[in-house]
Amino acid sequence: MKIFSKEQIYEGDLLTAKKQNISSTELMERAGTQIFNWIHQRMQGAQVPIHVFCGIGNNGGDGLVLARQLVNYGYNVHTYVVNCSDKRTQDFLINYDRIKQTTKKWPIMLNCKADFPPIGSDDIIVDAVFGIGLNRPPNDWVKSLFQHFKESKAFTLAIDLPSGLYADKVPKDENGVVWADYTLSFQSPKLVFFLPDTSKYTRQWEVLDIGIDLEFLQQTETEVELIGKNEMLPIYKPREKFSHKGTYGHGLLIGGSYGKIGAMLLSGRGMLASGAGLVTVYVPKCGYMPMQTALPEAMVITDIDDDILTAIKYDIEPTAIGIGMGMGTNEKTHAAFQMFLKTNNLPLIIDADGINLLSKHEGDLGLIKPQTVFTPHPKELERLLGKWKDDFDKLKKAKAFSKKYKCILVIKGAHTITVFQDKLYINSTGNPGLATGGTGDVLTGIITGLIGQGYEPLTASLFGVYLHGKSADIAVNDYSYQSLTASHIIDYLGQAYLDLFAKPPVQSESENKDDNL
């Protein structure tokens, strides 16, 4: 799913109105009607007080369309206009006149000085104050109104974007943003729904199709994409009947040190579960017995040193290499790592201590070949990029790093973001159960295995992150967030593959009617 920028959304609205020969007011009517349909399907006329707060721009116009339709269907609706400026849009004014012609209960004009209207904890708030066009912080009275929403504990539904939240930057004052329980986003989600600094402002979100021009949606290139099952299924490589283990690549994993051989074990198991035909691990001598015993499917090569890696020498011909898991940052290990980078020409995935070594010895970054994949957790990413001001600054630095070194950055998190050049890919799978040691090692093994099987590095990164998260989503039903372990991710990876081909359950009409806010 494409995630459009603020500028592209404006462009899409204008193009749609032109190509479909409709006015912007008619497009607003369509948007407001879709919001009404969403609410009506869930409430079925229930007389819960609904408080619709409208700004005086186009977002407020959407709110007025909704309020008018709620009135027409007999809902217990209270409409307010947050009247803090003289800059009303034409579409707002048209819909303000329409609602006045619909009901004698005209919208209440809030002059930004009066007391706030009472809101019960069992009521519903619809936030239509500001939209994506917000370009300055709200005034103190509006901030207090938003806090009034929060303190009421009423269910809060935001239209398109929680008011006070910018589409392209982090707000400086969290009290100046509506904290929504649910956001109905027009045509596509917004990038801010997925970033740690801003995702807290809406607990859940859903996309409403408002009929934006199909050709525009299909042909417009976006900087950001949301990756889900529909995006992953077409890139899956089916197995051929007469294939054999050599068909599916030979992955080599390099890493481990005394006390951290488990990281290599998890990576090796992850690689095998991803479908790799052959797996070899390169570890210090202390890892020989653990690897041979716990992972009999893998072959083992050992360093001359018992506890750390001091040289990386092998006589096999791998198709992809993953390096860094549990490797440590000893000076001898760094020397071996540096020599390896100078001579390696194979597809490479760098994780954990491989990233830490590059952060300590930035000159080695010049040895990285194009299409190398980095899989850092937040602290490793900070060591690599330097400190950032906020999530938008972090992404800016990540894109600059990717372009400079022609590499792929897999930024692990609640919504793992894969960065390549100027493009961002946001993963849609995964859950808090992944916040446990070893899951990153598993991911590196999966991505290495996929590249070894012939997937392009970027495709393998996206597919690996998706499968890794989907496995966790399936496993958590049996193990809970707290008890999920990295090994469970491997155990359920097969089910994640099978889920690619599973059809969604059909919801009955009675179940749809029972669904509510």
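The values are calculated or read from the model by the stated rules, or taken from the named source; none is laboratory data. Computed from a predicted structure; not experimentally measured. Glycine gets a Cβ as well: all are built from the backbone with ideal geometry, and neighbour counts include every protein chain shown. For the accessible areas, the whole protein counts, side chains as well, though only heavy atoms, and no ligand, DNA or RNA atoms are used. Shrake-Rupley method; radii C 1.70, N 1.55, O 1.52, S 1.80 Å.
A few comments on the model shown:
- Unpaired by the 4.7 Å Cβ criterion, cysteines found in the chain: Cys54, Cys286, Cys407
- Most to least accessible of Asp351, Asp305, Asp478, Asp86 (protein chains only, probe 1.4 Å): Asp86, Asp478, Asp305, Asp351
- Sequence-separation-based contact order of the stretch 197-297, relative, with Cα cut under 8 Å and 6+ spacing, percent: 24 percent
- Using θ = phi - 60° in the Karplus curve 6.51 cos²θ - 1.76 cosθ + 1.60, the 3J(HN,Hα) couplings for the stretch 299-310 round to 9, 10, 10, 10, 6, 6, 8, 6, 10, 9, 8, 10 Hz; x is entered for Gly and Pro.
- Option label - percent of Cα pairs over 45 Å apart computed here, alternatives [x] 26; [y] 14; [z] 22: [x]
- Longest site-free stretch - the chain; sites: chymotrypsin sites (Phe, Trp or Tyr not before Pro), DSSP loop, at most 15 other Cβ within 10 Å: 74-235
- The accessible surface of the stretch 29-168, taken with every protein chain in place and a 1.4 Å probe, is 48 percent carbon and sulfur.
- Fraction of beta bridges assigned by DSSP in the chain that are antiparallel (%, nearest 5): 15 percent
- Solvent-accessible area of the stretch 194-351 (1.4 angstrom probe, protein heavy atoms only): carbon and sulfur portion equals 51 percent.
- For the stretch 150-225, trypsin sites (Lys or Arg not before Pro) meeting the loop criterion (DSSP other than H, G, I, E, B) and having at most 11 other Cβ atoms within 10 Å: Lys172.
- Shown is the FRET efficiency for Ala400 and Glu331, computed with R0 = 30 Å from the Cβ-Cβ distance and rounded to the nearest 0.05: 0.50.
- Cα→Cβ-extended label distance, 7 Å offset, between Asp315 and Val48, nm: 7.2 nm
- Paramagnetic reach from Met109 in the stretch 65-88 [backbone N under 16 Å; point 7 Å along Cα→Cβ]: 79-88
- Backbone N within the stretch 153-195 under 20 Å of label point (7 Å from Tyr10 Cα along the Cβ vector): 160-171, 186-192
- Estimated from helices alone, the mean residue ellipticity of the chain at 222 nm is -12500 deg cm²/dmol (sum of -39500 (n - 2.57) over DSSP H runs with n ≥ 4, per residue).
- Between 0 and 90 degrees, the angle of helix 140-152 with respect to the longest Cα principal axis of the chain falls at about 80 degrees.
- Charge tally around Gly287: other residues with Cβ under 15 Å, Lys/Arg +1 each, Asp/Glu -1 each, net -3.
- With all protein chains kept in place, the per residue accessible area of the chain amounts to 45 square angstrom at a probe of 1.4 angstrom.
- Relative contact order (percent, whole number), the chain, Cα cutoff 8 Å, 6+ residue spacing: 13 percent
- Other residues within the sphere of radius under 14 Å centred on the Cβ of Lys379, judged by their own Cβ, net out at +1 (K and R +1, D and E -1).
- Each Lys or Arg adds one and each Asp or Glu takes one away; over the other residues whose Cβ falls under 11 Å from the Cβ of Lys153, this sums to -3.
- Once the chain from Tyr479 to Gln338 is taken as fully extended at 0.36 nm per residue, the excess over their C-alpha distance is 46.7 nm.
- Note on Lys229 and Met299: the model spin-label points, each 7 Å out from Cα along the C-beta direction, lie 3.8 nm apart.
- Here the simple spin-label model places points 7 Å from the Cα toward Cβ, and for Thr459 and Asp97 these points are separated by 5.6 nm.
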